[in-house]
Amino acid sequence: MNEYEVLVEDINPCGGEAHGKKSILEVEADSPEAYVRQNGRFPIMEQFQNADGDAVIVTGDGKGNIVRYTFTE
């Protein structure tokens, strides 16, 4: 298992990204994808690496509710 610091951004269609709720978690998981599949509320829509090399996973319900997870080792 790997240890990650995870920035979780909960974005709703009314407030957008500027008003999203942010929290930071410390988690142990086999992989970022495995963590989100087990603990996320919505299905995975997109996965990529940001400029810093962190894994970013975006989930959503297709109606504008989005949760973005940024994993830093």
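The values are calculated or read from the model by the stated rules, or taken from the named source; none is laboratory data. Remember, it's a predicted structure, so these values are computed and weren't measured experimentally. Ideal geometry is used to build each Cβ from the backbone, glycine not excepted, and the neighbour counts take in all protein chains shown. Just the protein is used for accessible areas: all its heavy atoms, side chains included, with ligands, DNA and RNA removed. Shrake-Rupley method; radii C 1.70, N 1.55, O 1.52, S 1.80 Å.
Computed quantities for the displayed model
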item: Tabulated pairs, the range 20-31, first under 26 Å from Gly64 (Cα atoms) and among the aliphatic types (A, V, I, L, M), second open to solvent by 50 Å² or more (accessible area, probe 1.4 Å) and modelled with pLDDT of 95 or more, C-beta under 9 angstrom, 6+ apart or interchain; result: Ile24/Glu5; Ile24/Leu7; Leu25/Glu5; Leu25/Leu7
item: From the options Val36, Val27, residue that is surrounded by 17 or more Cβ atoms within 10 Å (Cβ to Cβ), of a type outside the set (Ser, Thr, Tyr) and at pLDDT 95 or above; result: Val36
item: Cross-chain or 6+ apart pairs with Cβ under 9 Å, the range 1-12 first and touching a residue at least 60 places away in the same chain (Cβ under 8 Å), then of a type in the set (D, E, K, R) and assigned to a loop (DSSP other than H, G, I, E, B); result: Asn2/Asp30; Asn2/Glu73; Glu3/Glu73; Tyr4/Glu73; Glu5/Glu73; Leu7/Asp54
item: Residue within the range 52-63 that is in contact (Cβ under 8 Å) with a residue 40 or more places away in the chain, within 23 Å of Cys14 (Cβ to Cβ) and open to solvent by 30 Å² or more (accessible area, probe 1.4 Å) present; result: yes
item: Residues satisfying the stated conditions in the range 32-51, i.e. aromatic (Phe, Trp, Tyr), over 19 Å from Glu3 (Cβ atoms) and touching a residue at least 24 places away in the same chain (Cβ under 8 Å); result: Phe42
item: Residue within the range 58-70 that is acidic (Asp, Glu) and modelled with pLDDT of 95 or more present; result: no
